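These notes are about the structure you will find just below.
The values are calculated or read from the model by the stated rules, or taken from the named source; none is laboratory data. Here the structure is a predicted model, which is why all the values come from computation and not from measurement. Counting neighbours? That spans all protein chains shown, and the Cβs are built from the backbone with ideal geometry, glycine included. When the accessible area is computed, the model is the full protein with side chains, heavy atoms only, and any ligands, DNA or RNA have been set aside. Shrake-Rupley method; radii C 1.70, N 1.55, O 1.52, S 1.80 Å.
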Amino acid sequence: DAKTTQPTSMDCAEGRAANLPCNHSTISGNEYVYWYRQIHSQGPQYIIHGLKNNETNEMASLIITEDRKSSTLILPHATLRDTAVYYCIVRVEGETSGSRLTFGEGTQLTVNP
Amino acid sequence: DTGVSQDPRHKITKRGQNVTFRCDPISEHNRLYWYRQTLGQGPEFLTYFQNEAQLEKSRLLSDRFSAERPKGSFSTLEIQRTEQGDSAMYLCASSLKIPGQETQYFGPGTRLLVL
């Protein structure tokens, strides 16, 4: 799986959009970009994923650059409950190799009142 | 609630004791994963099952660790002769193998403390 690079920490004001970047310059054509978040002492929570196109769901939007070497997770109106560690993960879906998730250190997003 | 559940949520044990954790996946999910997370780090893959077959094990899974998934439903993770280094959060995730849509959903984890 391709390696990802994320900022260690970010701050955001409550009610504003939070834009979390991720670099995955070695991504290959069949690798998906997944985003999870982990609120302190809880299990990781799935947010969104994509391959080439931008994606949006009720939680967030995922913008993937045309060359697929980077992406941005957008939380449109951040709330205090969005404070968490956000993980950007790139992975291939395999048969016998499974689809293990390789977590990096993620970005600690702190939403301030 | 139909999410992934894990039991117990917390476990304190003495070094050398055996412990067993249980994971109940989302109904009809055919893949089940175990991860371990130590303080300040992201989760690390341990092993995964497709139905009842254990298809991959990480090098992190020493011979003191064993995992089972009888009948392809719930799974157990046993640690024998626990060591202080086993103290961690043990996370279970399940997914349905659909190409391009295999999303893993995690349980709340079991936090293990070995004294």
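Quick check on A:T102: is it within 11 Å of chain B (Cβ to nearest Cβ), of a type outside the set (A, V, I, L, M, F, W, C), over 21 Å from A:C12 (Cα atoms) and open to solvent by 10 Å² or more (accessible area, probe 1.4 Å)?
Yes, satisfied.
Provide a single number: the residues in region A:14-71 that are crowded, with 18+ Cβ neighbours inside 10 Å, touching a residue at least 40 places away in the same chain (Cβ under 8 Å) and either closer than 17 Å to B:Q104 by Cβ or within 14 Å of chain B (Cβ to nearest Cβ) (or both).
Of the residues in that region, 10 qualify.
Residues that are within 14 Å of chain A (Cβ to nearest Cβ) and more than 24 Å from A:Q38 (Cα to Cα), at least 1 per element: which strands (runs of 3 or more DSSP E) completely within region B:2-115 meet that?
B:44-50, B:53-57, B:65-68
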